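All remarks here apply to the structure that follows.
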Amino acid sequence: MDDLTEPVNSCELHIAEGTGTKKVAVGVVNAIDWTRTPRIHGQPVPEGYARVSVDRVERGCASVPLDIEGGDGERTLGEAKKTFICWHKHLLAPFFGHVPRISRVWIGKKRQ
C-alpha cells in the first residue's frame, strides 16, 4: 500500500497463513507523506511498515502477536484496538466494507 494518496484509507490487516493470508482486523492507514519521515509514537516507522489504527479485531484474532510493540506496550491485536501500531505494508489490503459504529446501547428495547 505504498500508493496511498487519500488522507485516510480503510484497510484490512492480514497475517500470512499457509500459502495465502488471513484477515485479522480492520483499521485505518494514513497516507504516506514522502516529503517527511513517517513516525509513530515519536519513532520512525520501520522500512516496510505502515502506521495503522486498529478499529476492529476479527473474532478469534485478539491474541495475534504484533511484530513491533505498541506505544503503550501492546503486544497483541486485542490490546492494540483503538491505538496506532506498525503493520507490514504487504499485509494490508483496501477495505470497502462498513465498520459499524455503535452510538447507543439497546438493552431490552426494540430498535426503531
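Quick look at the numbers
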{"read-out": "Inter-site label distance for Thr76 and Arg36 at 7 Å from Cα along Cβ, in nm", "value": "3.4 nm"}
{"read-out": "Integer Hz, Karplus 6.51/-1.76/1.60 couplings in order for segment 39-44, x for Gly and Pro", "value": "10, 9, 6, x, 10, x"}
{"read-out": "Shape parameters for segment 8-94, alpha-carbon atoms, Rg then Dmax in Å", "value": "12.2, 39"}
{"read-out": "Debye equation applied to the C-alpha atoms of segment 49-91, log10 I(q)/I(0) at 0.20, 0.26, 0.29, 0.31 Å⁻¹", "value": "-0.53, -0.91, -1.11, -1.24"}
{"read-out": "Sorted peptide list for 59-68, 77-86, criterion being average Cβ within 10 angstrom, highest first", "value": "77-86, 59-68"}
{"read-out": "Residue-count net charge about Ala93 - beta-carbon cut-off 12 Å; Lys, Arg +1, Asp, Glu -1", "value": "+2"}
{"read-out": "Using a Förster distance of 35 Å, the FRET efficiency for Thr21-Gln43 (Cβ separation, nearest 0.05)", "value": "0.85"}
{"read-out": "Neighbourhood charge, 13 Å Cβ-Cβ cut-off, centred on Phe84 and excluding it, Lys, Arg +1 and Asp, Glu -1", "value": "-1"}
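Rule-based calculations on the coordinates, nothing more; no lab input. Computed from a predicted structure; not experimentally measured. Counting neighbours? That spans all protein chains shown, and the Cβs are built from the backbone with ideal geometry, glycine included.
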